[in-house]
1. Taking the stated definitions as given, is Val145 touching a strand residue (DSSP E or B) at 6+ places or on another chain (Cβ under 7 Å), touching a residue at least 60 places away in the same chain (Cβ under 8 Å) and surrounded by 14 or more Cβ atoms within 10 Å (Cβ to Cβ)?
2. May I ask you to say which residue of Gln113, Gln128 is open to solvent by 30 Å² or more (accessible area, probe 1.4 Å), under 14 Å from Gly177 (Cβ atoms) and touching a residue at least 24 places away in the same chain (Cβ under 8 Å)?
3. So Val97 passes all but one of these: (1) farther than 22 Å from Ala64 by Cα; (2) touching a residue at least 40 places away in the same chain (Cβ under 8 Å); (3) open to solvent by 20 Å² or more (accessible area, probe 1.4 Å); (4) not in a loop (DSSP other than H, G, I, E, B). Which condition number does it fail?
4. Kindly provide the set of residues from region 153-189 that are part of a strand (DSSP E or B), of a type in the set (Ser, Thr, Tyr) and open to solvent by 30 Å² or more (accessible area, probe 1.4 Å), ordered by number.
5. With the structure loaded, tell me whether Ala71 is open to solvent by less than 50 Å² (accessible area, probe 1.4 Å) and part of a helix (DSSP H, G or I) or whether it fails that test.
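The values are calculated or read from the model by the stated rules, or taken from the named source; none is laboratory data. Note that the coordinates shown come from a computational prediction; the quantities given were computed from them, not determined experimentally. Because the Cβ atoms are built from the backbone with ideal geometry, glycine has one as well, and the counts that use them run over all protein chains shown. Heads up: the accessible areas ignore ligands, DNA and RNA and are worked out on the full protein's heavy atoms, side chains in. Shrake-Rupley method; radii C 1.70, N 1.55, O 1.52, S 1.80 Å.
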Amino acid sequence: MKTFICAALLAVSAAPAFAVDARTAMEAFLQSGIQPWAQDSALIAAIEAQNAQTAGYDAARIDALDSAWQAEIGASATPTIAAVVESDLAAVLRGHVDAAQGAITEIFVMDAQGLNVAASAITSDYWQGDEAKFTETYGQGAGAVHYGEVEFDESSQSYQAQISLTLSDPETGAPIGAMTVGVNADLLM
């Protein structure tokens, strides 16, 4: 993993600054720093398991979960948040963040409803289903990628760009969820 990330960052930093735009840098990083582990079997299994639980959730249930998440931020009791950031998959995601040596600021995985399955750190909300990171990936089908603008992220307290992609069942190719990877803008460009 370190080799892939370092190679992508070196390729981006070796090019003249005017020749490398954010989109080109993010595309290179997606290929070398994210795609090698984006179809990990544990990641796919966790999404499929949550999809089985949340398939019948209506808007009221999703809003209630999102409200509970937001109310728990900074609270002493965080059962909704803990289920997402303290899971085995969350530990794997934190391992990818650590291995990236600062290039990745956060990772979170969403189910077919846009609800967080696992996250390397607390996100500002639980439901991502109304945001481009979900609607422009899962909503567009297999192979879709959304590149966000560089902006200050409250969750990670850094300037970052987000690379989001549809995650699909490796056997059928059907979309099952999405993943967002926040990348450090200073290291990316």
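1. On the way: touching a strand residue (DSSP E or B) at 6+ places or on another chain (Cβ under 7 Å): yes; touching a residue at least 60 places away in the same chain (Cβ under 8 Å): yes; surrounded by 14 or more Cβ atoms within 10 Å (Cβ to Cβ): yes.
Criteria met by Val145.
2. Details: Gln128 fails: open to solvent by 30 Å² or more (accessible area, probe 1.4 Å).
When all the criteria are applied, what remains is Gln113.
3. (2)
4. Looking only at region 153-189, we keep the residues that are part of a strand (DSSP E or B), and these are 153, 158-168, 175-184.
When the remaining residues are screened for being of a type in the set (Ser, Thr, Tyr), the result is 158-159, 164, 166, 168, 180.
Once the filter is applied, which keeps residues that are part of a strand (DSSP E or B), of a type in the set (Ser, Thr, Tyr) and open to solvent by 30 Å² or more (accessible area, probe 1.4 Å), region 153-189 yields only Tyr159.
5. Values: open to solvent by less than 50 Å² (accessible area, probe 1.4 Å): no; part of a helix (DSSP H, G or I): yes.
In short, no.
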